[in-house]
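> Here's a structure for you.
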Amino acid sequence: MKKSRNKKPKQSNGPGRDVMFRVYVVFFFIALFAFTVIGKVAYIQLFEGDDLKARAIEQQYRFFDTDAVRGNIYAADGSLLATSIPIFEIRMDVASPLISDKLFNDSVTWLARGLAKKFGDKTQWEYKVMLQKARAKGNRYLFIQKNVTFDDLREIKRYPIFNRGKNKGGLIAKRKTRREYPYDLLARRTIGYAKPHEKLFVGLEGNYNDVLQGFTGSQLYRRMTNGAWKPVSSENNTEPKNGRDIITTIDPYLQDVTESALMRHIEKHQAEKGTAILMEVKTGEIKAIANLQKDKKSGQYKEIYNIAVGELFEPGSTFKLPSMMVALENGWIAKTDSVKIGDGWTVYHNRTMKDSHLIDPDGWLTPYEAFVYSSNVGVSRIIYDNSQLDPWEFVNTLRNMFYVENLNIDIRGGRTPNINAPDSPTWSKVSLPWMSIGYEVMVTPLHLLTFYNAVANNGTMVKPLFVKEIREAGNTIQEFETKVLSKSICSDKTLEEAQRYLEGVVQQGTATNIKNAVFKIAGKTGTAQIAENGKYIKKYNASFAGYFPADNPKYSCIVLIHKPNGGSFYATTVAAPVFKEIANTVYAMQLDIHPEEDNEIVNELFAETEGPQPRGDLYEKLGVDVSGGGPGDQLDTFDEFVNNKTIPDVTGLGVSDAIFILENLGLKAKITGKGRVKSQSRKAGSLLRRGDEITLTLKI
């Protein structure tokens, strides 16, 4: 039998060499990582600590710009055309340690009730739940409402919790500003706007942006746990410097007259757009400027584009004035007793020119008749026959009279006229005769008015002026005087004849429909065919340019109506009546431009009342027609209110007219809203007591 052998198991002497090697490697890398971390911490502490602390603070605290209050834009009479009103974003430090739990729980219901009643966007319950949840989460910058007015803010400060003051009550009011235009559409495009972030600078707002915007300040904010930024006090906070104010030449009453007249007639004639400008002759001050264009979306006429300043057009017959003045200045009229127009047509190099109507069956006109009856054939023959051999003689004399540069006025976007010339690639054999009647020349309405204004101003051409002063805190910083562009655009003899020609247009020519028995108007009609895509279409520009009173000019004015569609398109029936309505209303209301005999009538009528009243019988005696529906359309009822001492009905009037009427009756007018008078607080026909206040509610 074999003897069994029992083998004993081997005793383990610990991990093998491979295992230990791996352990050592792992330990080495852990130790290396630990030393790296320790080294980095030491490096940060010694070298980067201050910088990182600064970055941490920067992420928690940051300075933000605070906008200055934008300066106001004033009308010539001191009324506001554009202003910035303060609005506020309301937030609450709901979790403020200064608001105890007892105070919060006792008052939150009443605070929620006030906020719900004031804003109406949430119920009392919803506001209460919102405030309670925000406090539970530790929210120290809870949004409440935006676009809160100053009056509303003043009321909110009296609510429970908030009434404990700025810090103890947790109320945070972040101020902003909103631009408001009290007269709404009046001269809106001329006033313009500024959007620096979009690099859009339009009108006076744009041109004077650097003056109006002021200088920004800085405010320290702290970043809250919810990511919002809360303003905090700091000795490094700087206050913004508010913008300066500008005083314009615009007269709100005259602006309303001008814009209302233009609006009525472009609506009547279903025109695409139109413009009207009223300028003071001696100073060049623009008293009114209206630009109305049909909005394709709404179909309403709005101030969309400044046509008066930025649009070039072929003026047509209103350009016959500078053409005939060139002929007078060069002596061509003196040697021309009469001009043959035949049957009202003539041919220039195979192109036929026609008169719009038969003027004289005998076929002959004097130069004066050719102008006042607006004969295309007559005027073009005078110019062509005398300068066809040297067209530069006509062009150079014209350029010396007419301002052919950019006017560089206070509104951006002004254009430079394009006067054709023999060295131009567009010059042709028929350019000369067609230029003489207002084609192949492109001018802005403001350029053409500047020329007519020079004729009214005895030959002195002045630059159109829109801004008179810059003020800071009520003190005048800078004044702008009238700038003379040309002391004399022509000889006295030429000027005298030109003025006679213009008066003749209204007294016996193409604009007899606007003749007035009381004061004279001087001007010229213009009906020009419109070119589109290089071809003339059967659409027209109707214009009238002139001045009044012709014997002693106070104002010049131009009216341009583009593409009238209401049947008639001639300037006589489309543009001239707008000029007449503006001139009649302005003359009736400004007694300083009346001759003495008219003022005697005025004084006699005004002596019957306690103050100057725009009375209907005054217009009747002066022969001034305000029946066109302008701001004077309700004034003929004034007698009964004055005599019976009753409140007049001013609903439907523009704000300027309504204020004028009420203040001249001894009443104080308070305005709310925008647009025209929708309602009045005192009923028409009720007892009138001088000194009483009447609130007018305006609506667009």
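A short reminder: the numbers here are calculations on the coordinates, not readings from a lab. Just so you know, these numbers come straight off a predicted model, no measurement behind them. We place every Cβ from the backbone using ideal geometry, glycine too, and count neighbours over all the protein chains shown.
> When we measure straight from the Cα of Lys493, which lysines land under 22 angstrom away, once same-chain ones fewer than 8 places off are left out?
Partners within reach: Lys282, Lys320, Lys335, Lys520, Lys524, Lys554.
> Ser681 to Lys146: FRET efficiency via 1/(1 + (r/R0)^6), r the Cβ-Cβ distance, R0 35 Å, to the nearest 0.05?
Numbers: r = 31 Å, r/R0 = 0.89.
The computed FRET efficiency comes out at 0.65.
> Now a separate question. With only alpha-carbon pairs counted, each pair once and no self-pairs, how large is the Kirkwood hydrodynamic radius of segment 253-588 in angstroms?
On the way: mean 1/r = 0.0498 Å⁻¹.
Computed over segment 253-588, the radius equals 20.1 Å.
> Could you list which residues have their amide H under 5 Å from that of Leu653, counting only those 5 or more apart in sequence or on another chain, with H placed in the peptide plane?
Amide H to amide H, under 5 Å and 5 or more residues apart or across chains, Leu653 pairs with Val677.
> Could you tell me whether segment 107-152 comes out rounded, prolate or oblate from its Cα gyration tensor? Rule is a ≥ b ≥ c as square roots of the eigenvalues, rounded for a/c under 1.5, then prolate if a/b exceeds b/c, otherwise oblate. Walk me through the intermediate numbers first.
On the way: a/c = 2.13, a/b = 1.36, b/c = 1.57.
Oblate shape, in that a/c is at least 1.5 and b/c is the bigger or equal ratio.
> Only four residue types carry charge here, +1 at the Cβ of Lys and Arg and -1 at the Cβ of Asp and Glu. Report the dipole size of segment 208-305 about the Cα centre in Debye, rounded to the nearest 20.
Numbers: 14 positive and 13 negative charges, 102 e Å.
My answer is approximately 500 debye.
> Exposure proxy check: His562, His357, His197, His447 ranked by fewest other beta carbons within 10 Å? Spell out each step's value before the answer.
Numbers: His562 20, His357 11, His197 5, His447 25.
Listed from fewest to most nearby Cβ atoms, that is His197, His357, His562, His447.
> Right, next: Nothing charged except the Cβ atoms of Lys and Arg (+1) and of Asp and Glu (-1): what's the magnitude of the dipole of segment 253-588 about its Cα centre? Round to the nearest 20 debye. Display every interim value, and only then the final one.
Numbers: 35 positive and 35 negative charges, 155 e Å.
Rounded to the nearest 20 debye, it is 740 debye.
> Going by a ≥ b ≥ c, the root eigenvalues of the Cα gyration tensor, does segment 313-392 fall in the rounded group (a/c under 1.5), the prolate group (a/b larger than b/c) or the oblate group? The partial results should precede the final answer.
Details: a/c = 1.32, a/b = 1.21, b/c = 1.08.
Cα axes put segment 313-392 in the rounded bin.
> Something else now. According to the square roots a ≥ b ≥ c of the eigenvalues of the Cα gyration tensor, what is the shape class of segment 151-205, taking rounded for a/c under 1.5, prolate for a/b larger than b/c otherwise, and oblate for the remainder?
Values: a/c = 7.33, a/b = 2.55, b/c = 2.88.
Note, shape of segment 151-205 comes out oblate.
> Sticking with this structure for a sec: Provide the net charge surrounding Gln293, with neighbours chosen by a C-beta distance below 14 Å and charges set as Lys +1, Arg +1, Asp -1, Glu -1. Let's see the in-between values first.
Details: positive: Arg188, Arg189, Lys273, Lys294, Lys296, Lys297, Lys302, Lys563; negative: Glu259, Glu267, Glu272, Asp295, Glu303, Glu311.
Summing Lys and Arg as +1 and Asp and Glu as -1 gives +2.
> Taking K and R as +1 and D and E as -1, what net charge do the other residues with C-beta under 9 Å from the C-beta of Glu469 add up to? Spell out each step's value before the answer.
Numbers: positive: Lys468, Arg471; negative: Asp245, Glu479.
Around Glu469, the surrounding residues sum to 0.
> Under a point spin-label approximation (7 Å from Cα along Cα-to-Cβ), what is the Val404-Thr695 distance to one decimal in nm?
Result for the modelled spin labels: 6.1 nm.
> What's the ranking of 203-215, 486-498 by average number of surrounding C-beta atoms within 10 Å, highest first? Could the numbers behind the result be given before it?
Details: 203-215: 20.4, 486-498: 16.9.
Highest to lowest by the protection proxy: 203-215, 486-498.
> Which order do peptides 260-267, 178-185, 81-88 fall in by mean Cβ count within 10 Å, highest first? Walk me through the numbers on the way to the answer.
Values: 260-267: 22.4, 178-185: 16.1, 81-88: 18.9.
The densest-packed peptide leads the list: 260-267, 81-88, 178-185.
> Straight-line reach only, C-alpha to C-alpha below 17 angstrom: list the lysines that Lys668 could link to, leaving out same-chain residues fewer than 8 apart.
Output for Lys668: Lys645, Lys683.
> Just need the relative contact order of segment 253-588 here, percent rounded to a whole number, with Cα pairs under 8 Å and 6+ apart. Working shown, then result.
Details: 711 pairs, mean separation 75.4, N = 336.
Contact order relative to length: 22 percent.
> So, with +1 on the Cβ of K and R and -1 on the Cβ of D and E, and no other charges, what is the size of the charge dipole of segment 56-149 about its Cα centre, to the nearest 20 debye?
On the way: 14 positive and 10 negative charges, 104 e Å.
Magnitude of the dipole: close to 500 debye.
> On a full-extension model of 0.36 nm per residue, what is the gain between Leu485 and Val37, subtracting their alpha-carbon distance, rounded to one decimal in nm?
On the way: separation 448, 0.36 × 448 = 161.28 nm, distance 7.92 nm.
Answer, rounded to one decimal: 153.4 nm.
> Then there is this: May I ask you to compute the full-extension gain from Ser356 to Asn237, defined as 0.36 nm times their residue separation minus their alpha-carbon distance, rounded to one decimal in nm?
Details: separation 119, 0.36 × 119 = 42.84 nm, distance 7.21 nm.
Taking Ser356 through Asn237 to full extension adds about 35.6 nm, to one decimal.
> Which FRET efficiency value, to the nearest 0.05, is calculated for Arg415 and Ala531 with the Förster distance at 22 angstrom and r the Cβ-Cβ distance?
Numbers: r = 17 Å, r/R0 = 0.76.
The calculated FRET efficiency here is 0.85.
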